[in-house]
Amino acid sequence: MAVKMVNLTIDNHPVSVPAGTLVVDAAKKVGIEIPVFCYHPKMDPVGMCRLCLVEIGRPMVDRATNQPVLEADGSPKISFGPKLETACTTPVSEGMVVLTENDKVSEARKDILEFILTSHPLDCPVCDKGGECPLQNLTMRFGPGESRFLFDEKMRLAKQVPLGELILLDRERCIQCARCVRFQKEIVDDPVIGFSQRGRALEIVTFSDPGFDSIFSGNTTDICPVGALTTSDFRFGARPWEMNAAASLCTHCPVGCNLTINVRREARAGGRDVIKRIMPRQNESVNEIWICDKGRFAYHFTESEQRLTEPMMRKGSELVAVSWDEALQAAASRLKKAGEKTITLAGGRLSNEDLFNLCQLTSGLGGQYWMHGTMGGGDLLAQVGVGQGTNLGEFGPGSAILVVASDLHEEAPVWWLRVKQAAERGATLIVASARPTRLDRFAKCVIRYAYGEEVETVTSLVPEYKTDVSEAICAGIQGILGAENLVVFFGSDGLGLEGTTALAAACMELLVKTNHFGRANNGLIAVWPNANTQGAFELGYRPAADLASRLAEAQVAYIAAADPAGDDPALAEALRKTGFIIVQELFMTPTARMADLVLPAQAFTEREGTFVSGERRVQRYYPAVRPISGPRPDFQIAAQIAAQLGFSLEERLASLVFQRLSEAMPDFAGLTYQQLAMVEEQWPLIGRHDLYFGGTGYDNHQGLGVQLKPAAQRLEPLNLPDVPELPPLQAPEGAFLVVPITCLYDRGQTLLPTSLLHERMEKPAIYVHPKLATRVGLEDKQSFQLVLNGISTLVQVIFDENAPEGAALLPRSVGVPIQGPALAQKEIVSG
C-alpha cells in the first residue's frame, strides 16, 4: 500500500515525509535539530517541556472558494500563527513552513531553559551525567548566559533517593519531563513509578514493593535527559570522556541484544581495564534501543576474582597448577588414546568459532560431539526458522504471533517487549500456556492447557485436524488462517528434551500446513536458554537423551562451557565412570572439581566472536578489555590441542576460524566478519552526537548482523518429522507433579557474581497452587525435603494462585536439579 507523502519546508529546506510525521521528526530526517527534553521518538508526544517551540506557517485558504490564496508570484501565501507551536506534538501538513532559528524561537528557548534551571542544582562538575547531559549541552547552545532568579530560592530536595536497589534518584536534578514515567507505563507496561505532589514540589516516587520493581528499569537512566536517575553500580563511577567503548552482545538469552561496553583503565585494579557499565546499542531489528536489567547489570562474572587463571591437572587426589605446554600435551595424549571413545560436550555460551574448532577436533578423532541442554528442535529452525528479513517491529494488522510454552517476560524480555508492541499495533497475538503470563492481557486469544498437553494443543491449531475443539482453539485457528504472516515462538516451560523436541515438530507442522514459512516475517523461533544454542544446532550439535550412558562409556569427556555435574546428579554419577575428564571453563564448577584436567577460558569481554540468535541472526561481538593473564580463547585451546595431534585448525584469530566455518557450513556460505560489521541508517536517528533526542544509548557503527536463510526460503525440500504423541503426565497416590520453569534472575554461574541482583534472585522454592498444596499436605512458607528422581533437596513452599492446580512449579538453576517434568514426594517436614 502506497504511503502518502507530505511536502513542507523547514528553514528553507524542502522536506518530503510520510503523512502523520511530527515536525520534530521531519526536521531530524533532514539534519535539522530541534531541541527536546520530554519528547522521545519511541513514546507518544506530550508537549510538557516546551523546548521544541517553533514558528509554523500554513498556506492560506480562501473560505469562500476553498482554494489556496496566492502571492503575486503565484506561490502560496503563508499565514503564521500568533504563537509558537510545539514541534513534538504537531503533525506535518502539505505546504507547511517551519522556522526553527529566528529570534522569536531563540528567545522562547532561552526562557524555557531559564525556567528549568530555576531549581536545578549547579553541580555539573560532580554530576554523573556531566559530559553526556542534554540539559548541559542545550543550555550551552540555546540557554541564557545568566539567570534572573535568586539562588536562595532554589528548591532543596533529597539528593540520593533509592527508588530500588538498582536505581537512585536525585530529586533536585529532576526536570519533570516524565520520560521515565511514560517509558514504564507505555513501553514496558510496568507503571511502578510516577509523579507525586504538584507545582515545584512535584517529584518521582515508586509505587511497588520492592521499589522500582521492573526488569527494564535501567533504560530510564539512558533516556533521562539530566542526572536525576543513575544506576547503583555506575553512580560516581567514571566520566563519559574517560571511558572507551566496545561493541558487544548480551550473552544471557537468545534475543542477541546489541550492547556497548564502557571500560576504563584504573590504578586500583592494577592498571587493568575495568568494565564501568553496559549500555544498549541500537539495532532496530533486534533490541531497538532497549535492554533488560539482567543484560545491563550481570557482567561482573567476567571480572570475578574466582575466575580460573591457570591450567590445573589432577596429581594424586589434588588439582595442581601446571604450564600450558604440559596441559596441552596431556590433553592431546589422552584424546589420541581415546580416539572414537571421545565425547565432547559443549554449552550454548560458546561462540560459533569455539564450537566449530571443538567439533572439528572431535571429528578428527572419530569421536562424538554433543550439546549440553534439555531443549531440542533447533535443527528444525534450519528448515523453517524465520525468513531472512524478519523484523518483529514490522508486525501489525494482518500478522499473527503464536507463543507456546514460554513465559517470554522471564525467558527473553526484549522479545516479550517487541511481541507486546506488535499486538498493540494490531497484530493477532495467540498465547498458549499452562499458566498465566504477562503476555496474556495483550493477546486476542489465550489457550490454557494442562502440562503435558503442549503438543496436542499446537496440533489442534492445524485446520485440517480440526474436530471437536474449544472456543479458544477455534479463535486461534481463525487468527492463524486470517494472517498473511505468522511467527511461532516455542519454549520449554514445563518441558524437558523429549517434550520440546516434540513441540518443535508440532510447530513446524502448523507452519507448513498453513503456508507460513519460507519468507520474511514467517517461521519458527525457539526461546533457548543460552545466547548461542541456535549456533550450536547450526554447527551440528544436538542434545543427547542418553547423555549419562554416553559419558559413562567414554574414555575421555571434553567438556567446554557446561556444568553437567552441577546440573544433574545422574550426569555427575556418570562422569565418575568416565576414563578422563577435560574441562574448559571460566570457574571451578562442580564438573571442573571432578576433572582430571582443567583449562581456563577467556570471557566474552576479552575476545571477539559471533553468536546466532534465536531468529538465526549471525552477529559479531568485539573485545572490550585486555585479557587477564592465563586464560585463552576456547577456539584457540581446541586448535592448540589439535596441533599436538597433527590436525590443522585455525588458532590465530576468531575471524580466520569464521572464514573456515563459512567455507564448511552451507548455511553460512559467503559470510565474513566484514559483512557482519556492515550498518545502515536506522530510525530513530539516535547517537552520541545528539543525546537529547534518543538518550545516551549508542548508535550502531559495528554491525547489524546477517540473518541466515532457512532451507525453505532457499526453496530446498523440507523433511517434515512425525509429531510424536507424548504420554500423559499423571501423579500416582502419594506423589505430585513438578515441572521446570525459567526465571530471569536465577542462580546461574554467570549471574551469581552480580551482588547487586541478589535480592531479586530466585531461592530454592516451589510455587504451588493452594488447592494442590491442600491435596499433598503443604503449607505456605513451609520448608521441606523435596525428593525428585531420588535426590532430596530442602526447598520452601510459596503459594501462588497463578500456578496450575495440577503441578508445582520449580525454577531452573536455583540449586534443585530438574531436567523436565518429574514426580515428586515430600519428606521430613522441617517447619
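Would you mention how many residues in segment 619-630 are open to solvent by less than 10 Å² (accessible area, probe 1.4 Å) and either more than 15 Å from Y673 (Cβ to Cβ) or in contact with an Asp or Glu (Cβ under 9 Å, 6 or more places away or on another chain) (or both)?
Within segment 619-630, residues that are open to solvent by less than 10 Å² (accessible area, probe 1.4 Å) and either more than 15 Å from Y673 (Cβ to Cβ) or in contact with an Asp or Glu (Cβ under 9 Å, 6 or more places away or on another chain) (or both) number 1.
Can you work out which of the residues in segment 261-275 that are touching a residue at least 24 places away in the same chain (Cβ under 8 Å) and open to solvent by 20 Å² or more (accessible area, probe 1.4 Å) is farthest from T302 (Cα to Cα)?
Looking at the filtered set, the residue picked out is R264.
With respect to P590, is the statement that it is out of contact with any Leu (no Cβ under 9 Å at 6 or more places or on another chain), open to solvent by 40 Å² or more (accessible area, probe 1.4 Å) and farther than 27 Å from L547 by Cα true?
Criteria not met by P590.
Looking at segment 420-434, is at least one residue within 23 Å of the chain's Cα centre (by Cα), surrounded by fewer than 20 Cβ atoms within 10 Å (Cβ to Cβ), modelled with pLDDT of 95 or more and not small (G, A, S)?
Yes, the conditions are met somewhere in segment 420-434.
Answer yes or no as to whether D152 is outside the structural domain of P59 (by TED's automatic domain parsing), farther than 29 Å from D44 by Cα, open to solvent by less than 30 Å² (accessible area, probe 1.4 Å) and not hydroxyl-bearing (S, T, Y).
no
Condition first: under 24 Å from N522 (Cβ atoms), in contact (Cβ under 8 Å) with a residue 12 or more places away in the chain and not in a strand (DSSP E or B). Now tell me which residues in segment 684-714 satisfy that.
If the condition is that a residue be under 24 Å from N522 (Cβ atoms), in contact (Cβ under 8 Å) with a residue 12 or more places away in the chain and not in a strand (DSSP E or B), then L704, G705, L708, K709, P710, A711, A712, Q713 are the ones that fit.
Go through segment 565-683 and tell me which helices (runs of 4 or more DSSP H), entirely inside it, have 2 or more residues that are at positive phi. Lay out the reasoning, then the answer.
On the way: elements: 569-575, 590-594, 634-644, 654-664, 673-676.
The helices (runs of 4 or more DSSP H) meeting that bar number zero.
Could you pull out every one of the strands (runs of 3 or more DSSP E) wholly within segment 191-232 that has 3 or more residues that are farther than 24 Å from E762 by Cα, of a type outside the set (F, W, Y) and out of contact with any His (no Cβ under 8 Å at 6 or more places or on another chain)? Spell out how you get there, then give the answer.
On the way: elements: 193-196, 203-206, 229-231.
Fully inside segment 191-232 and qualifying: 203-206.
Please specify each residue of segment 435-472 satisfying the condition of being of a type in the set (D, E), surrounded by fewer than 21 Cβ atoms within 10 Å (Cβ to Cβ) and either over 22 Å from the mean Cα position of the chain (by Cα) or in a loop (DSSP other than H, G, I, E, B) (or both).
Scanning segment 435-472 gives E453, E456, E464, D468, E471.
Which numbered condition trips up L786, out of (1) assigned to a loop (DSSP other than H, G, I, E, B); (2) open to solvent by less than 40 Å² (accessible area, probe 1.4 Å)?
(1)
Can you pull out the residues in segment 119-135 that are surrounded by 15 or more Cβ atoms within 10 Å (Cβ to Cβ), over 14 Å from F37 (Cβ atoms) and of a type outside the set (G, A, S)?
Keep residues of segment 119-135 that are surrounded by 15 or more Cβ atoms within 10 Å (Cβ to Cβ), which gives 119-121, 124, 127-135.
The next check asks that each one be over 14 Å from F37 (Cβ atoms); those that pass are 119, 121, 124, 127-128, 130-132.
Correct list: P121, C124, C127, D128, E132.
Is it the case, given these coordinates, that G387 is open to solvent by less than 10 Å² (accessible area, probe 1.4 Å), out of contact with any Cys (no Cβ under 7 Å at 6 or more places or on another chain) and not basic (K, R)?
Taking the combined requirement at face value, the residue satisfies it.
For segment 276-377, give me every one of the helices (runs of 4 or more DSSP H) that falls completely inside it and has 2 or more residues that are surrounded by 19 or more Cβ atoms within 10 Å (Cβ to Cβ) and among the acidic types (D, E). Show your work before the answer.
Numbers: elements: 293-297, 324-338, 352-365.
The qualifying helices (runs of 4 or more DSSP H) are 352-365.
The values are calculated or read from the model by the stated rules, or taken from the named source; none is laboratory data. Treat the numbers as computed from the prediction; the structure is a model and nothing was measured. Because the Cβ atoms are built from the backbone with ideal geometry, glycine has one as well, and the counts that use them run over all protein chains shown. Please note that ligands, DNA and RNA were not included when accessible areas were found on the heavy atoms of the full protein model with its side chains. Shrake-Rupley method; radii C 1.70, N 1.55, O 1.52, S 1.80 Å.
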